[in-house]
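Encoded as structure tokens, the structure appears first; notes follow it.
The values are calculated or read from the model by the stated rules, or taken from the named source; none is laboratory data. Note that the structure is a prediction, hence the values are computed from the model and not measured. Cβ placement follows ideal geometry from the backbone for every residue including glycine, while neighbour counts extend to all protein chains displayed. Areas reflect the complete protein model, heavy atoms only, side chains present, ligands, DNA and RNA absent. Shrake-Rupley method; radii C 1.70, N 1.55, O 1.52, S 1.80 Å.
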Amino acid sequence: MTRQVLKKGIKRGIHFLAAVCFLFIATAFSSYAADGTVQVQLDVKKAGPRAVESLTERGVLRDYQFAWTNMARAFEFSSPDLLEGAFSGDAKQELRQTVSSQQRSHITRRYVDQSHQVEAVFYAPEGDVMELHDTAQYQLQILDGDKTVHDEHVVVHYIVLMTPAADRWVIRELQAVPQF
Amino acid sequence: MARLLQFFSILSLGALFCGVCGAQDLHAPSNVTAGEDVALPTSGSGKATFYLAGPGISQKNDVTLGEEIRLSGQDLRYAGDYTAILCSDTCHTATFYVTAAKPASVIFLVHPSRVPVGQNDAVSGVAFPFDQYRNLITVPENVNFQLSAKDASLWPRSIRTQNGVAWFRANSGKSAGPVQAVASLDDLSAKRAVQQVASDPCNLRITGQRTPNGILVQTEPVHDCAGNVVPDGTIVTFTATGPNGKGTVDAPVKQGIARAKIESPGTSVISVASGVVMGNEIRLGAQP
């Protein structure tokens, strides 16, 4: 009898612990999803003249997502080193300049709840450059120190040029345009 | 009477509220070109803080309401979206786009650097026009592509950019030698070189003779089907079939001719091949 009560108690304890762990993990995950994740959907059906192979599609998707995640962190923490690896050429130079300008003015930007609908519109015959059209949506927050001076949900159209590097695709041009 | 008083009170409060609303405002320009100076008119009076966040810039300044805020072309040299914010009691925002200036350079990618002659769609080129601030020009522009060899134009074509890019594919020419690829836009141009090399060997022919040490075989000058001498280093395979079996020797082409020495004492049949191309066969008698 005593043993059964003890067993029941242990069982309940385990269930309680499991529930607490689940709640903790779920909370952590949802807060990460709200602040840090970058949702990217890539459509390569209209890309040409070269067809985009599935392995390339996965690589571009992964590296584009990585680039936006790092760019958002670079702007949020005014840390130019976070731009390394994902950007190259003019795009990298421009973004580094933005971050160094932020460091001087103590202004930071946050791109929250990012969602990107990306379409590949051009893939060069030799596969050495790809042009993407990204309709991005996010909450743009501009902060002066700790004070938020701007907080708005925006939809921005980006023209992107990506090129393959040694082991990944890098962004060479990232330019917002009024419309495609 | 009481209701009338209430109505006027609400009206005056509303007017006061609207007065505060209109105390400061910021007007965004409708069309800005990269590198151009811009003035943003403001309304209201007193001091305010102005913020500008855009590509390449994060700026904060104290300004006087009612006066224009001047932005230098240097601050607006990158094409993209800019957010201008004016804060005193509250913050007002205006967003505007900066578009690329006129073309100042053409990025031109051509592949491959070496191409065999007589191949379909073997040469391709991609051109992107950029302005002086390295912004991609997305409005359509006509790019003239030209392939020329020895001052003779092989392939002129004008292609309009779409989404900021113009591209072509072309067949390679008939003669080996350097080809110049040019992409030009207005008075701008970018040049690249492509080396056309001979294609696969054609009409392989060999001659051979016995020597005291074996058989010496050599090709006649190796050409492709268009008559271009194949490049040095092209591998030619000689095969000797004799009483002792079959033996093969690979030899590179040097100055148009491949040579090999084969040890085959009995009567031998020598054949030749290069890649998938077969040549003639010769029969040589046994060693005396």
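Things worth noting here:
- Among the conditions (1) farther than 27 Å from A:SER101 by Cα; (2) open to solvent by less than 10 Å² (accessible area, probe 1.4 Å); (3) facing chain A (nearest Cβ under 8 Å), B:GLY125 misses just one, which is (3).
- Being over 34 Å from the mean Cα position of the chain (by Cα) and open to solvent by 50 Å² or more (accessible area, probe 1.4 Å) is not true of B:ASP37.
- Note on region A:107-151: residues that are open to solvent by less than 10 Å² (accessible area, probe 1.4 Å) and charged (D, E, K, R) amount to 2.
- Qualifying residue in region B:35-46 (condition: more than 13 Å from chain A (Cβ to nearest Cβ), modelled with pLDDT of 95 or more and within 25 Å of A:PRO80 (Cβ to Cβ)): yes
Residues are listed down the side, and each one gets a yes or a no for (1) at pLDDT 95 or above; (2) of a type in the set (A, V, I, L, M); (3) touching a strand residue (DSSP E or B) at 6+ places or on another chain (Cβ under 6 Å):
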position	(1), (2), (3)
B:ALA53	yes, yes, yes
B:GLY73	yes, no, no
B:LEU76	yes, yes, yes
B:ASP89	no, no, no
B:ALA101	yes, yes, yes
B:VAL106	yes, yes, yes
B:PRO129	yes, no, yes
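- Only residues that are closer than 29 Å to B:ALA166 by Cβ, surrounded by 15 or more Cβ atoms within 10 Å (Cβ to Cβ) and among the acidic types (Asp, Glu) were counted in region A:46-104, giving 4.
- Sole residue being within 30 Å of A:THR108 (Cα to Cα), hydrophobic (A, V, I, L, M, F, W, C) and surrounded by 14 or more Cβ atoms within 10 Å (Cβ to Cβ), chosen from B:PHE130, B:PHE168: B:PHE130
- Residue check, A:LEU161 farther than 21 Å from A:VAL52 by Cβ and surrounded by 19 or more Cβ atoms within 10 Å (Cβ to Cβ): no
- From B:SER158, B:SER153, B:SER124, residue being polar (S, T, N, Q) and in contact (Cβ under 8 Å) with a residue 24 or more places away in the chain: B:SER124
- Inter-residue pairs, beta-carbon under 7 Å, first in the same structural domain as A:ILE107 (by TED's automatic domain parsing) and in region A:64-78, second assigned to a helix (DSSP H, G or I) and surrounded by fewer than 20 Cβ atoms within 10 Å (Cβ to Cβ), 6+ apart: A:ALA74/A:PRO80; A:SER78/A:GLN103
- Any hit, region B:139-147, residues being within 11 Å of another protein chain (Cβ to nearest Cβ) and touching a Ser or Thr at 6+ places or on another chain (Cβ under 9 Å): yes
- Selection within region B:62-80 - open to solvent by 10 Å² or more (accessible area, probe 1.4 Å) and at the interface with chain A (Cβ under 9 Å from one of its Cβ atoms): B:TYR78
- Among residues of region B:81-112 being farther than 26 Å from A:GLU152 by Cα and assigned to a loop (DSSP other than H, G, I, E, B), the one that is nearest to the other protein chains (Cβ to nearest Cβ) is B:PRO112.
- Single unsatisfied condition, B:SER148 versus (1) in contact with a strand residue (DSSP E or B) (Cβ under 6 Å, 6 or more places away or on another chain); (2) surrounded by 20 or more Cβ atoms within 10 Å (Cβ to Cβ): (2)
- Among the residues of region B:167-181, those that are of a type in the set (A, V, I, L, M, F, W, C) and within 14 Å of another protein chain (Cβ to nearest Cβ) comprise B:TRP167, B:PHE168, B:ALA170, B:ALA181.
- Matching residues, region A:84-98, being closer than 20 Å to B:ILE107 by Cβ and assigned to a helix (DSSP H, G or I): A:GLY89, A:ASP90, A:ALA91, A:LYS92, A:GLN93, A:GLU94, A:LEU95
- Residue check for B:VAL115: closer than 30 Å to B:PRO231 by Cβ, open to solvent by less than 20 Å² (accessible area, probe 1.4 Å) and more than 8 Å from chain A (Cβ to nearest Cβ): yes
- Verdict on A:LYS46 being out of contact with any Cys (no Cβ under 9 Å at 6 or more places or on another chain), within 14 Å of chain B (Cβ to nearest Cβ) and assigned to a loop (DSSP other than H, G, I, E, B): yes
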